[in-house]
Structure formats: C-alpha cells, structure tokens
1. Can you divide the C-alpha Rg of segment 48-90 by 2.2 N^0.38 Å and report the result to two decimal places?
2. Could you give the length gained by full extension between N53 and K3, i.e. 0.36 nm per residue of separation minus their alpha carbon distance, to one decimal place?
Amino acid sequence: MIKKIWKLVNEIIAIKTSLNKNDKLFEALTNFLSEVGKYLSTKIKPSPTTYTNFIKQINSKNSLFLTPTDAYEIKLLIINLKMIFYLFSL
C-alpha cells in the first residue's frame with residue numbers, strides 16, 4: 001500500500017514538473033510571438049507607391065468588395081434564414 005502511495009506521489013510530482021516546463025515553453029513562445037511582429041516590421045522597406053495607385057491597376061471585374069455591416073443587418077439575415085428554414089420544413 002505504501003509503495004502505491006509513493007508511486008502516485010512521484011507521478012504527481014512528475015506531472016507538475018512537466019507542466020512547469022510546458023508553462024515556461026508557453027511563456028517563451030508567447031514572448032517570441034509578441035515581439036516577432038515588431039522585429040519583422042523594421043525589416044519592411046517603405047513602398048514607393050500608395051495603395052490607391054495599386055488599386056487603379058486592378059481589373060475591377062475580377063475583384064470583390066464587401067461593405068461594412070452592423071449588428072442590425074446580421075440580425076435581419078438570421079431572422080430571414082430562420083424564416084426560409086421554416087418555410088422549407090413545411
């Protein structure tokens with residue numbers, strides 16, 4: 001019985017140790033990911049042109065523009081979907 005208790009205690013200690021290592025790894029990864037964007041942004045050279053000059057060169061027939069939406073519009077869409085599903089279930 002005592003051997004089983006000590007085995008369980010050792011397993012718990014091992015779990016805590018591995019969790020601490022994972023916590024440190026997670027913290028290191030979080031720190032890296034929070035800093036890498038700042039570092040990479042310093043490596044990007046400024047563009048000689050603006051986005052409006054680039055957009056003028058795009059064939060608008062093959063492009064897509066989504067207008068901004070709001071909560072009211074989304075609510076109306078959901079209500080309409082519910083009505084459509086109701087009508088098809090009749």
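Where a number appears in this text, it was derived from the coordinates with a stated rule and is not lab data. It should be emphasised that the depicted structure is a prediction, and the values quoted were computed from it without experimental measurement.
1. Here the answer is 2.04, to two decimals.
2. Here the answer is 10.4 nm.
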